[in-house]
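Have a look at the structure below before the remarks.
The values are calculated or read from the model by the stated rules, or taken from the named source; none is laboratory data. Since this is a predicted model, take the numbers as computed values, not measurements. As a convention, Cβ positions derive from the backbone with ideal geometry for all residues, glycine included, and neighbour counts pool all protein chains shown.
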Amino acid sequence: MADVTGGPSLPQERKLVTSIPGPKSQELLARKNAAVASGVGVALPVFTVAAGGGVMIDADGNSLIDLGSGIAVTGVGNSAPAVVEAVTRQVQQFTHTCFTVTPYDGYVEVAEKLNEVTPGDHDKRSALFNSGAEAVENAIKIARHYTKKNAVVVFDHAYHGRTNLTMGMTAKNMPYKDGFGPFAPELYRVPASYPFRDGLSGAEAAEQAILQIEKQVGAANLAAMIIEPIQGEGGFIEPAEGFLPALQAWANANGVVFILDEVQTGFARTGDLFAANHEGVVPDLVTTAKGIAGGLPLSAVTGRAEIMDSAHSGGLGGTYTGNPIACAAALATIETYERENLTERARQIGAIIDEFFEELAKTDDRIGDIRGRGAMKAVEFVESGSKRPAAALTGAIAKHAGEQGVILLTCGTYGNVVRFLPPLSISDELLREGLEIVADALKANA
């Protein structure tokens, strides 16, 4: 079966010709261990030689089902035809000039498109960067420059990156923060909405967070509040309805820049082009990356013109920011989301995952919570008869799935969440087969 997005015709099937990892991958892993810093870990030690649709082919010829999309990056697939064509054309023209030396139209076109499609119909500006963490850092820079204030509020279970500032903003210690401090000052953490564990309505959770901000930070000192509309690494935690609108309203009323980190949720992943659209939340600034450019490194900060334009000339940028090849990929990627109606495809994928695990949960109470939206879904595993996190079970499920040819990612503050981020180009048949492997893993660890 061909790639459902019309890409290269890799057979869309799970096929194991060796154990996982196979001998060639093991040989490459030994070379990796001898050449690459040990801090750069891998979730599944198979080395990719081709990918497309919903599969990844490894060096031994195994065909694995991809339920991770490179952590929500390849939403349009690993080799979407429009992206391949756009990148090839741009490489033949030029690979780099540095936009802040001699600019080019691709950067401007990406900024124009982001200003058009991100939440809100106000006047906007965009600035391009390389990674999600870099976008977050620049959003904080811009907010501080605009407000002339220093404090920044982040939330429990947050993940914002691995640079020094964003490590401080990230909640989870291992593996992201341990031993890497000290971290940047003026970062304050407050409770998030976690319906499965706190039992609060959105309004109640927001009231709790706002009270802590007012008493421990003070609105007069606060430059920005930043939150993921669905928390990613923290466990795909979808806040209770009303939580985000209440935070936005408070921030707007108190002169605080309200930032949504849509690095993982953006670009059709949640069944909307942006997760903010689900409740009509309009951020002052939004950070994007991951799904923006079909696998090429690109990120952005987009926001209200008066905030974005407050930074002085030369205050934003970098050598590689808005690289022309990545810009070409982004334009083709966004066009693909729109042309192929991949927001609807994400909703279809989510419905399949929901139905599968809701049925499974009827007979297995270790499935504590099924949550998320669109093709950003998660299952939180708990010990039978309780809500105690079942981290060992979660790790065993991921290990079993990998050995059976399914790329599966885990997450969560407590290490007990399996997350599903399939490419939106995956077929229903492959998706269902991958889910059956996860169910087999659960049964095997009864």
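Listed values, structure above:
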| read-out | value |
| --- | --- |
| Test: residue in the stretch 429-436 that is part of a loop (DSSP other than H, G, I, E, B) and not hydroxyl-bearing (Ser, Thr, Tyr) | no |
| Looking only at the stretch 139-166, and only at residues there that are within 23 Å of residue 219 (Cβ to Cβ) and of a type in the set (S, T, N, Q), the one that is surrounded by the most Cβ atoms within 10 Å (Cβ to Cβ) | 147 |
| Residues within the stretch 107-152 that are part of a helix (DSSP H, G or I) and either aromatic (Phe, Trp, Tyr) or closer than 16 Å to residue 252 by Cα (or both), tallied | 5 |
| Flag for residue 118 being closer than 18 Å to residue 289 by Cα, hydroxyl-bearing (Ser, Thr, Tyr) and out of contact with any helix residue (DSSP H, G or I) (no Cβ under 6 Å at 6 or more places or on another chain) | yes |
| Matching residues in the stretch 33-92 - criterion: being small (Gly, Ala, Ser), touching a residue at least 24 places away in the same chain (Cβ under 8 Å) and in a helix (DSSP H, G or I) | 69, 70, 72, 82, 86 |
| Among the candidates 91, 73, residue that is buried (at least 18 other Cβ atoms within 10 Å of the Cβ), under 17 Å from residue 297 (Cα atoms) and either outside the structural domain of residue 130 (by TED's automatic domain parsing) or in contact with a helix residue (DSSP H, G or I) (Cβ under 7 Å, 6 or more places away or on another chain) (or both) | 73 |
| Check on residue 196, in contact (Cβ under 8 Å) with a residue 60 or more places away in the chain, of a type in the set (Phe, Trp, Tyr), out of contact with any Asp or Glu (no Cβ under 6 Å at 6 or more places or on another chain) and surrounded by 15 or more Cβ atoms within 10 Å (Cβ to Cβ) | no |
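Yes/no matrix, rows are residues, columns are (1) assigned by TED's automatic domain parsing to the domain that holds residue 227; (2) free of Cβ contacts under 8 Å to residues at least 60 places away in the same chain; (3) assigned to a loop (DSSP other than H, G, I, E, B):
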site	(1), (2), (3)
302	yes, no, no
314	yes, no, yes
350	no, no, no
360	no, no, no
372	no, no, no
378	no, no, no
